[in-house]
Amino acid sequence: MPKGSPELTASRRDEIVAACEQLYRTMSFKDITIKEIGAVTSFTRTSIYNYFRTKEEIFLALMQREYEEWAAETAALTERDSMTAAEFADAVAHSLERHEQLLKLLAMNHYDMEDNSAPERLTEFKSAYGASLDAVRACLKKFFPDTDKESFIFVFFPFLFGVYPYAVATEKQLTAMSEAKIEFTVHSIYEMIYSCIMRLLGGTR
């Protein structure tokens with residue numbers, strides 16, 4: 001761990017994660033390297049190793065940040081007095097629509113990412129993931145007490161892993177599906193998540 005205040009360390013880590021996010025908007029995971037990330041930070045590439053051991057740790061930290069932000073937005077919904085199923089589905093779908101990066105990251109191979117991260121980095125990530133589960137449970141408990149919360153969680157969170165590939169198809173993918181004569185309709189992130197939540201809540205109002 002580098003010398004310096006905890007505030008400086010956190011600031012440097014945030015800068016590295018932000019640089020990774022910037023690159024990930026236009027580049028693939030395999031094309032992003034520590035060198036590429038270092039080129040868009042304010043310090044040397046080798047300094048990155050003081051804060052993250054591997055590229056996978058940086059991506060895991062990016063996903064951790066996305067989970068933390070989404071969990072906070074979801075938890076804030078419990079401040080409302082009441083919500084219908086449609087209102088809850090709308091709020092969550094719009095929230096995840098704003099966190100497209102999270103859905104894109106979920107479509108990646110988590111096994112390799114987690115396996116190439118230090119135990120303490122993985123624990124930090126799992127804490128953020130757990131907070132998102134708790135935030136959804138809290139909403140279900142308050143607004144839909146008759147809903148089987150664990151069944152909802154068991155279906156909804158794995159479902160999120162497949163949203164991005166169905167919502168964002170490249171021209172190459174669309175051409176291949178057309179040539180393979182596969183009928184495929186691109187639906188938006190909002191449409192898929194809203195529909196899933198409404199089905200899981202079974203028309204609860």
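The values are calculated or read from the model by the stated rules, or taken from the named source; none is laboratory data. If you're wondering where the values come from, they're calculated on a predicted model, not measured in any experiment. Because the Cβ atoms are built from the backbone with ideal geometry, glycine has one as well, and the counts that use them run over all protein chains shown.
With respect to residue 108, is the statement that it is among the hydrophobic types (A, V, I, L, M, F, W, C) and assigned to a loop (DSSP other than H, G, I, E, B) true? Outline the logic, then answer.
Details: among the hydrophobic types (A, V, I, L, M, F, W, C): yes; assigned to a loop (DSSP other than H, G, I, E, B): yes.
Yes: the conditions hold for residue 108.
Among the residues of the stretch 158-173, which ones are outside any loop (DSSP other than H, G, I, E, B) and either at pLDDT 90 or above or farther than 16 Å from residue 195 by Cβ (or both)? Walk me through how you get there before you give the answer.
Step one: filter the stretch 158-173 for residues outside any loop (DSSP other than H, G, I, E, B), giving 158-160, 163-167, 171-173.
Matches in the stretch 158-173: 158, 159, 160, 163, 164, 165, 167, 171, 172, 173.
I'd like the full set of residues that are touching a residue at least 24 places away in the same chain (Cβ under 8 Å), over 24 Å from the mean Cα position of the chain (by Cα) and surrounded by 11 or more Cβ atoms within 10 Å (Cβ to Cβ), limited to the stretch 144-182.
Of everything in the stretch 144-182, those that are touching a residue at least 24 places away in the same chain (Cβ under 8 Å), over 24 Å from the mean Cα position of the chain (by Cα) and surrounded by 11 or more Cβ atoms within 10 Å (Cβ to Cβ) turn out to be 144, 147.
So which of 16, 32, 37 ends up being modelled with pLDDT of 90 or more and in contact with a Ser or Thr (Cβ under 7 Å, 6 or more places away or on another chain)? Give the steps one after another, and end with the answer.
Values: 32 fails: in contact with a Ser or Thr (Cβ under 7 Å, 6 or more places away or on another chain); 37 fails: in contact with a Ser or Thr (Cβ under 7 Å, 6 or more places away or on another chain).
None of the others qualify; the one that does is 16.
(1) over 19 Å from residue 116 (Cβ atoms); (2) within 17 Å of the chain's Cα centre (by Cα); (3) outside the structural domain of residue 168 (by TED's automatic domain parsing): which one isn't true of residue 41, the others all being true?
(2)
Looking only at residues in the stretch 43-97 that are polar (S, T, N, Q) and part of a loop (DSSP other than H, G, I, E, B), which one is surrounded by the most Cβ atoms within 10 Å (Cβ to Cβ)? Can you show your working first?
Step one: filter the stretch 43-97 for residues polar (S, T, N, Q), giving 44, 46-47, 50, 54, 64, 74, 78, 82, 84, 95.
Filter again for part of a loop (DSSP other than H, G, I, E, B), leaving 44, 54, 82, 84.
Working: 44: 10, 54: 16, 82: 8, 84: 13.
Ranking the candidates gives 54 first.
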